[in-house]
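Next up is a structure, given as structure tokens.
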Amino acid sequence: MTKSTELIEPMIERALKAGIKAKFLLMDSWFAMPALISKVCMHIPVICMVKRTAKVHYIFEGQKMDVTQIYSQIRKRRGRAKILANAQVEFKDGLKAKIVFVRNKHKRDWLALLTTDITLADEDVVRIYGKRWDIEVFFRTAKQHLELEKGCQGRDFDALIAHTTIVMTRYIFLSIEKRRTEDPRTLGLLFHRCCEEAEDCTLVKALCQILGITLENLKKLGEAQSQAERILLEAFQKGMRSLGRNFDYIFNEQRLLAANG
């Protein structure tokens, strides 16, 4: 491993001791080395992109294979499924992991995601790893516009930490200002009033409205009105009960409206 990867474990330990809480550590394929993953997952579960290289091997069904060989051995889902397959693997130190193969629609190829939490659903692995894109956007903004990379040329550790803290503070202020000017939630009470006006009709209200309109139209039947109303309400009530729902109070309300009408 390179020196930069060797520094990752102490950084994680320092962050956890500082009280920073996280459920997973997300890494790109540059850091996805079995030795590093084994060390890091002692502190926090890992989800990472896997390199397609013949130099990195995993134990799959008792044999050492690289990720391409594993993909060729497993059964894929048919059709245009976004998640193609998964495979349970082991590292040489005995650590168990799961590799999830997903479709790369841009290149008509596949990508491999690895997680040390083998109980995690495939969909959750893809969803959680997708959050890394926001992190990449953040670092690109910090480097291009906030001088994270070139703003400090010192070699002193405290100086680098201080510079990084200043850059992060700048980003926080800019994010707050962006939300204040662009996010409609900053309108406060006006936002909540608009939400109340745009509220969807509830199921109960919808049923009441449908029954009310139907009963109004039944009045045109003349003498057969009462019998038609009874048949309709009983059929509707029976259907709702078959779904395990109790809407007796709706039907009682509609009966009263029909009787008064």
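If r is the Cβ-Cβ distance from Ala81 to His163 and R0 is 51 Å, what FRET efficiency results, to the nearest 0.05? List each step's numbers first, then the result.
Values: r = 46 Å, r/R0 = 0.90.
Efficiency computed from Cβ-Cβ geometry: 0.65.
Are any of the pairs Lys76/Lys96; Lys205/Lys238; Lys131/Lys178; Lys150/Lys178 more than 23 Å apart by Cα-Cα distance, and if so, which? Kindly include the intermediate steps, with their values, before the conclusion.
On the way: Lys76/Lys96 21 Å; Lys205/Lys238 19 Å; Lys131/Lys178 20 Å; Lys150/Lys178 25 Å.
Violating the 23 Å Cα-Cα cut-off are Lys150/Lys178.
Right, next: Using a Förster distance of 30 Å, how high is the FRET efficiency between Ala206 and Glu123, based on the Cβ-Cβ distance and rounded to 0.05?
Working: r = 31 Å, r/R0 = 1.04.
Efficiency at R0 = 30 Å is approximately 0.45.
Right, another one. For segment 58-68, just list the computed ³J(HN,Hα) in residue order, Karplus coefficients 6.51, -1.76 and 1.60, θ = phi - 60°, integers in Hz, with x standing in for Gly and Pro.
Along segment 58-68, the couplings run 10, 9, 10, 6, x, 10, 7, 9, 7, 5, 5 Hz.
Distance between Cα centroids, segment 58-72 to segment 107-152: provide it in whole Å.
Comparing the Cα centres of segment 58-72 and segment 107-152, I get a distance of 25 Å.
Another question about this same structure. Which value, in Å to one decimal place, does the Kirkwood hydrodynamic radius take for segment 43-146 when every pair of different Cα atoms is included? It would help to have the intermediate numbers written out before the result.
Details: mean 1/r = 0.0672 Å⁻¹.
With all distinct Cα pairs of segment 43-146 included, I get 14.9 Å.
Between Val137 and Ile74, how high is the FRET efficiency from 1/(1 + (r/R0)^6) when r is the Cβ-Cβ distance and R₀ = 25 Å? Nearest 0.05.
Details: r = 33 Å, r/R0 = 1.32.
FRET efficiency, Val137 to Ile74: 0.15.
Taking segment 138-182 as the region of interest, what is the percent of Cα-Cα pairs per 5 angstrom bin, listed from the shortest bin to the one with the maximum distance?
The percentages, shortest bin first, are 5, 23, 28, 21, 14, 6, 3, 2.
No value in this document is a laboratory result; all are computed from the given coordinates. Since we're looking at a predicted model, the values are computed, not measured. Cβ atoms come from the backbone with ideal geometry, glycine included; neighbour counts cover every protein chain shown.
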